[in-house]
Structures are given as structure tokens and as C-alpha cells.
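What follows is a set of notes on a single structure, which appears directly below.
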Amino acid sequence: RGKIVMFSLAYGKTATGFAEDWGIPESEAKSLIKGFEKRFPVLTAWLKYHGELGASQGYSKLANGAMRFVAEKTKDKDGAYRAAMNYQIQGLSSWMTRMAMIKLDSIIQSDNLPMQLIACIHDELLVTFKYSDQCPMAAVKNGLILDQEHADRRKQQCLDKCPGHVTDCVTRYEN
């Protein structure tokens, strides 16, 4: 439940929204929000700052200069606030994914890996490859997957779907 609260608040859900979604009294929903704000004061301040700034300026701007106009929502200040706050998270996530895509392509090209970037879906890059002595998992080892839990889950999915040649590749990645 804590993870749902965190992401929901980061994307602008209100106490009323929680109460309706979970069938709980609004007072309990407000208590959940207060608990989040107390536990994560820096994140709360950052979200509020960007929400208020974006709503007052009519746009939200990322550190890299990218902007999203929320002026169409100025009649609905809450909507502009949520859109501006949301853009800080979604926009940064999108930018990070694009940077990973560029880095991955650079590694594929420079190491002449037998793989090809075929798609980007949300925050995941999909790659196709032909098995060879050059293990494409080397790109993963070079820091493109930073979260070990995520890497382990992907490895298991790969093993489940493609037993045999992938097992050898994954074994070499782990060594």
C-alpha cells in the first residue's frame, strides 16, 4: 500500500481520489498523505515547489531545459499544479530513457555487438541479438541496468523463454 501511496501522490492524487479508489473515509486518506509528507519531506517540498511554480508560470521546465506548457489548465489550478508536478517525474524519466538508449547504441556500435536496439516501450529498451562469442549481456554489465533486482528478474525471464544458448550467455555475464 505504501508504494501505491508514494506513486499516487507523486502523480498528483488527492485525499478525495484515495478515498474513492480505496473505499476509505477521506480522513483516513488525509492521514496517509500526512504520513507520506512526514516521512519524505524533501520529496514533498520538491513536488510542491514544481507544482506551484508550473501552475503560476503556465509551464513546467526540466533541468535539461525541456518544457511542458500547462497554460491550458490555468482555469483549473489544481489540474495545472498536478500536470506541472507530473511533468517533472515523467519528463525526467523520459530524458533518462533517451540517454540510456543513446549509451546502449554507442556500446553496441563501438563493441560491434551482434545486437540491435529495436524498440523503447515506456522505460524499457528492447534489444534483439544473435548468439555469438560476444555476449550481448556485456552491455548490461557495463552499467545499463543499475538495479540488481531488475537485472535478476530479466535474466530469469530470458532463461524461462529461451533455455539453452541464453543460459550460456547469462552464465558468462555472472562470471
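Working note: Karplus 6.51/-1.76/1.60 with θ = phi - 60° gives the stretch 54-63 the couplings x, 5, 6, 8, x, 7, 10, 10, 7, 4 Hz, where Gly and Pro are set to x.
Given a 1.4 Å probe and the protein chains all in place, what does the accessible area of Tyr59 round to, in Å² to the nearest 10? It works out to around 60 Å².
Using R0 = 25 Å, the C-beta based FRET efficiency linking Ser106 and Met67 works out to 0.40. When the trypsin sites (Lys or Arg not before Pro) in the stretch 1-95 are filtered for DSSP coil states and for at most 13 other beta-carbon atoms within 10 Å of their beta-carbon, the remaining sites are Arg1, Lys75.
The values are calculated or read from the model by the stated rules, or taken from the named source; none is laboratory data. Because the structure is predicted, anything quoted here is derived from the model rather than measured. A quick note on method: Cβ atoms are made from the backbone with ideal geometry, for glycine too, and the neighbour counts reach across all protein chains shown. Surface accessibility is based on the protein's heavy atoms, side chains included, excluding ligands, DNA and RNA. Shrake-Rupley method; radii C 1.70, N 1.55, O 1.52, S 1.80 Å.
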